[in-house]
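Asker: Sharing a structure here in structure tokens format.
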There are 2 protein chains.
Amino acid sequence: MNNIRLGILGGGQLGRMLLQAGLDFNLYTLVLDPDENAPCRHLCEEFVHGDFKDYDTVYAFGKRCTLLTIEIEHVNVDALFQLEKEGVQVYPKPASLKIIQDKGLQKEFYRQNAVPTADFRLLAQADELENHLDFLPAFQKLRRGGYDGNGVTRLTSQEDFPKAFQAPTVLEKLVPFETEISVICARNVQGEVKAFPVVEQVMHPQHNLVDYLLAPAQISYKLQRMAIEIATHVTTALDIVGLLAVEMFVTPDGQILVNEVAPRPHNSGHHTMKANATSQFEQHLRAILGLPLGDTEPHCPAILVNLLGEAGYAGEAKYEGLPQTLQEPGVHIHLYGKKFTRPHRKMGHLTVLAPTLEEVKQKADTIKNRLKIIA
Amino acid sequence: MNNIRLGILGGGQLGRMLLQAGLDFNLYTLVLDPDENAPCRHLCEEFVHGDFKDYDTVYAFGKRCTLLTIEIEHVNVDALFQLEKEGVQVYPKPASLKIIQDKGLQKEFYRQNAVPTADFRLLAQADELENHLDFLPAFQKLRRGGYDGNGVTRLTSQEDFPKAFQAPTVLEKLVPFETEISVICARNVQGEVKAFPVVEQVMHPQHNLVDYLLAPAQISYKLQRMAIEIATHVTTALDIVGLLAVEMFVTPDGQILVNEVAPRPHNSGHHTMKANATSQFEQHLRAILGLPLGDTEPHCPAILVNLLGEAGYAGEAKYEGLPQTLQEPGVHIHLYGKKFTRPHRKMGHLTVLAPTLEEVKQKADTIKNRLKIIA
């Protein structure tokens, strides 16, 4: 363990939580991030200020590491291929990453590997849209660089074409779904795979917004098994080492379709830090260190409430209502080390624990609006 | 939260675990330690290399903080009194610390506050021992500076007097006991108190050594309630803000006697990081930040196995048998960030979790000798 130099590409909150878990393993850690005030800044042995999309920067950083991982998938993959060739352990592997970075390759990979997913077409340019009127309504997604809902637009008819992306995109058939779920799988160097239980995105009953994440998902046992089987299959097929978060839709006729994947710790797994003996972060480290994977059984039902910056506030963050929030038993806070808030910025999360699904939902409804992040 | 500058006196493993938990609260942290390679070195915004026993060093360090706490009790308390006077929040309070630092004052405090404890006498010098032959067998304990079994000697008869300490000591009547237990209490700025469940030191059946720590303790419900009541009483009487670990003996006739206390996170509470939703470290932070205390209920029984450097090895630590240890479900490792091992040095711990007491003991017996720390 003493000779491992673990490099992380990206120094945001996912890197921060990974470093937090990494303390248990005595790792020497290095972090590369373009923001000199990144949340990981003070938590590693070496912080390198630089661009993880730049070949030379990633290559030079990687040469100082024995083991390299990511907390964001939009990194320079060519540099990773070269580092792998020169003997650095790179997990997830560059070959897996190359497929995932490009939504077009990702979708083709699903088709080739019998992974259920919404029907799609690949477009080199927006002007090709004219040829696909029969395929609407559909989502047009940028093949590269999209994140958190950016790089996605909904095209219902020809009238929407002016807002279409002028770049290589995937045109994905709009699929009606009942529930959006996620399964986080880990696969270690030796090929052992373990999945965390299915998580459900619970929508707000009035607004069309995710209200919170609930574990376990409120779907039938059969659907849970199916979701875990599909996620395990994708993880193995993609030759993942580390974590793979697999986001899926459950359709009204009981089908499960893979929406997209992320080869790293994921927002839908943060509750595992409190609700499971093994967190997704410990699991990622076990996987890339070649250690046996930890037990993924939860202690109890859990809800994750994302803490976003209030609309209308930008500046140094203030946390209003924290004592009132934490006075509820089973409520824990996790802040991301960000000094400044802005509207809808992810500033942290609350984890809510209770012995039953009903209780955890009630408790989340009680406390979820008590805390406001203002400036 | 953004304006808090939390200083920690001491940068060892307890400080390290406190910083690890502190990440959840976005705290700006400063650490003072005389070892420039202390385990906290890379985990805080400001690491100050200096002696926490020195008045000027502690005072200057404290002036840079808004909130000051400790991970070791042998710090300069006069500087803390001065800092408190000048408006720094110091928790535990210097007045509590002053009593705890001196085993003589500690014992007198128990007597004055009706805390059950073994009978004792105070000695200014060892030559007074002649006057206390009637009090033997007894333990002679240094009033100040003892730790981890250092500063304690057993005197059975006059023949042991040559090994007696030549300093102010407590002579404590030897009490036969059946079980050694510990309760960690937290008390916050507002005076709310919560106790973690009772932990038992389980002795090795053959060797006269602590084998592991077991939570919950295998004592009757009535004794558990008594232990928690006593620990709560001591915590309140000492006006603790933060944690107080209360180590106690259970005697064959069902009495509980307080042995000693530590006003900080404690080895007997490390399992709470995995087995309880609120860890002792989160609880300490909630307490000193004036936040409501977290739920102390455990998810399941747990065992803590301390990982000590193997006898006969000194140098850069190597961890032999880690994969074999971690392949058992419910076993987690926590290393303390120490590069070098030496015989019996505390290098980390294992936490073992299982649904029942029997299972957790079986599992601990299976894995506890698999991992060796050598050089």
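Asker: Look through A:357, A:335 and report the one residue that is closer than 27 Å to residue B:299 by Cα and out of contact with any strand residue (DSSP E or B) (no Cβ under 7 Å at 6 or more places or on another chain).
Answerer: Working: A:335 fails: out of contact with any strand residue (DSSP E or B) (no Cβ under 7 Å at 6 or more places or on another chain).
Result: A:357 is the single residue among A:357, A:335 that is closer than 27 Å to residue B:299 by Cα and out of contact with any strand residue (DSSP E or B) (no Cβ under 7 Å at 6 or more places or on another chain).
Asker: A further question follows. Considering B:15, B:10, which residue is at positive phi and either in contact with a Cys (Cβ under 9 Å, 6 or more places away or on another chain) or more than 14 Å from chain A (Cβ to nearest Cβ) (or both)? Show your work before the answer.
Answerer: Numbers: B:15 fails: at positive phi.
Criteria check complete, one pass: B:10.
Asker: Mind checking which strands (runs of 3 or more DSSP E) fall wholly inside region B:129-239 and carry at least 2 residues that are closer than 27 Å to residue B:278 by Cα?
Answerer: Working: elements: B:138-142, B:152-155, B:169-173, B:179-187, B:193-195, B:199-203, B:210-215.
Where strands (runs of 3 or more DSSP E) fall fully within region B:129-239 and carry at least 2 residues being closer than 27 Å to residue B:278 by Cα, they are B:179-187, B:193-195, B:199-203, B:210-215.
Asker: Output the qualifying pairs, or none if there are none: Cβ atoms under 9 angstrom, residues six or more apart or on different chains, first residue in region A:1-25 and without any contact (Cβ under 8 Å) to a residue 12 or more places away in the chain, second residue in a helix (DSSP H, G or I) and among the basic types (Lys, Arg).
Answerer: Taking only residues 6 or more apart or on different chains, the pairs are A:23/B:16.
Asker: Checking residue A:192 against (1) closer than 30 Å to residue A:7 by Cα; (2) among the acidic types (Asp, Glu); (3) not assigned by TED's automatic domain parsing to the domain that holds residue A:218, which test does it fail?
Answerer: (3)
Asker: Does residue A:354 satisfy being aliphatic (A, V, I, L, M), under 18 Å from residue B:26 (Cα atoms), touching a Gly at 6+ places or on another chain (Cβ under 7 Å) and more than 9 Å from chain B (Cβ to nearest Cβ)?
Answerer: no
Asker: As an exercise: evaluate residue A:343 against (1) over 30 Å from residue A:27 (Cβ atoms); (2) within 11 Å of chain B (Cβ to nearest Cβ) and give the number of the one condition it does not meet.
Answerer: Every condition holds for residue A:343 apart from (2).
Asker: Additional query: Applying the selection to region B:260-305, what residues are modelled with pLDDT under 95 and of a type outside the set (D, E, K, R)?
Answerer: Within region B:260-305, just B:277 meets the criteria.
Asker: Moving to a separate point now. Before we move on, is residue B:56 under 22 Å from residue B:262 (Cβ atoms), at pLDDT 95 or above and either surrounded by fewer than 14 Cβ atoms within 10 Å (Cβ to Cβ) or touching a Cys at 6+ places or on another chain (Cβ under 8 Å) (or both)?
Answerer: no
Asker: Before we move on, is residue A:286 within 14 Å of another protein chain (Cβ to nearest Cβ) and touching a residue at least 40 places away in the same chain (Cβ under 8 Å)?
Answerer: On the way: within 14 Å of another protein chain (Cβ to nearest Cβ): yes; touching a residue at least 40 places away in the same chain (Cβ under 8 Å): yes.
Yes: the conditions hold for residue A:286.
Asker: Do you know which residues across region B:257-283 are in contact with a helix residue (DSSP H, G or I) (Cβ under 6 Å, 6 or more places away or on another chain), more than 11 Å from chain A (Cβ to nearest Cβ) and acidic (Asp, Glu)?
Answerer: Once the filter is applied, which keeps residues that are in contact with a helix residue (DSSP H, G or I) (Cβ under 6 Å, 6 or more places away or on another chain), more than 11 Å from chain A (Cβ to nearest Cβ) and acidic (Asp, Glu), region B:257-283 yields nothing.
Asker: Look at region B:327-340 and say how many of its residues are more than 7 Å from chain A (Cβ to nearest Cβ) and either within 19 Å of residue B:375 (Cα to Cα) or free of Cβ contacts under 8 Å to residues at least 12 places away in the same chain (or both).
Answerer: The number of residues fulfilling the criteria is 3.
Asker: Within 23 Å of residue A:357 (Cβ to Cβ), among the β-branched types (Val, Ile, Thr) and under 20 Å from the mean Cα position of the chain (by Cα), is that true of residue A:202?
Answerer: Values: within 23 Å of residue A:357 (Cβ to Cβ): yes; among the β-branched types (Val, Ile, Thr): yes; under 20 Å from the mean Cα position of the chain (by Cα): yes.
Judged against the criteria, residue A:202 is a match.
Asker: So, one more: Which of the residues belonging to region B:31-42 are surrounded by fewer than 23 Cβ atoms within 10 Å (Cβ to Cβ) and within 11 Å of another protein chain (Cβ to nearest Cβ)?
Answerer: B:41, B:42, listed by residue number.
Asker: Right, another one. Filter region B:322-343 down to the residues that are among the hydroxyl-bearing types (Ser, Thr, Tyr) and within 25 Å of residue B:18 (Cβ to Cβ), then identify the one that is surrounded by the most Cβ atoms within 10 Å (Cβ to Cβ). Quick ask: steps written out before the conclusion?
Answerer: Looking only at region B:322-343, we keep the residues that are among the hydroxyl-bearing types (Ser, Thr, Tyr), and these are B:325, B:336, B:341.
The next check asks that each one be within 25 Å of residue B:18 (Cβ to Cβ); those that pass are B:336, B:341.
Working: B:336: 19, B:341: 22.
Per the criteria, the residue is B:341.
Asker: In addition: Assess whether residue A:100 counts as being under 25 Å from the mean Cα position of the chain (by Cα), of a type in the set (Val, Ile, Thr) and surrounded by fewer than 19 Cβ atoms within 10 Å (Cβ to Cβ).
Answerer: Here the answer is no, as residue A:100 does not meet what is asked.
Asker: Condition check: surrounded by fewer than 19 Cβ atoms within 10 Å (Cβ to Cβ) and not hydrophobic (A, V, I, L, M, F, W, C). Does residue A:179 satisfy that?
Answerer: no
So that you can scan it fast, the table gives a plain yes or no per residue for (1) under 23 Å from residue B:242 (Cα atoms); (2) of a type in the set (D, E, K, R); (3) modelled with pLDDT of 95 or more:
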| residue | (1), (2), (3) |
| --- | --- |
| B:89 | yes, no, yes |
| B:97 | yes, no, yes |
| B:100 | yes, no, yes |
| B:104 | yes, no, yes |
| B:107 | yes, yes, yes |
| B:129 | no, no, no |
| B:172 | no, yes, yes |
| B:181 | yes, no, yes |
| B:185 | yes, no, yes |
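Asker: Being under 25 Å from the mean Cα position of the chain (by Cα), closer than 15 Å to residue B:26 by Cβ and in contact (Cβ under 8 Å) with a residue 24 or more places away in the chain, is that true of even one residue in region A:291-303?
Answerer: Scanning region A:291-303 turns up no residue that is under 25 Å from the mean Cα position of the chain (by Cα), closer than 15 Å to residue B:26 by Cβ and in contact (Cβ under 8 Å) with a residue 24 or more places away in the chain.
Asker: Looking at (1) in contact (Cβ under 8 Å) with a residue 60 or more places away in the chain; (2) more than 20 Å from residue B:242 (Cα to Cα); (3) at the interface with chain A (Cβ under 9 Å from one of its Cβ atoms), which one does residue B:45 not meet, given that it meets all the others?
Answerer: (1)
Asker: Of these, A:226, A:273, which one is of a type in the set (A, V, I, L, M, F, W, C), over 13 Å from residue A:183 (Cβ atoms) and surrounded by fewer than 24 Cβ atoms within 10 Å (Cβ to Cβ)?
Answerer: A:273
Asker: Condition first: buried (at least 16 other Cβ atoms within 10 Å of the Cβ), more than 9 Å from every other protein chain (Cβ to nearest Cβ) and of a type in the set (A, V, I, L, M). Now tell me which residues in region A:294-321 satisfy that.
Answerer: A:302, A:303, A:304, A:305, A:307, A:308, listed by residue number.
The values are calculated or read from the model by the stated rules, or taken from the named source; none is laboratory data. Everything numeric here is computed off the predicted structure, so don't read it as measured data. Don't worry about glycine lacking a Cβ; one is built from the backbone with ideal geometry, like all the others, and counts go over all protein chains shown.
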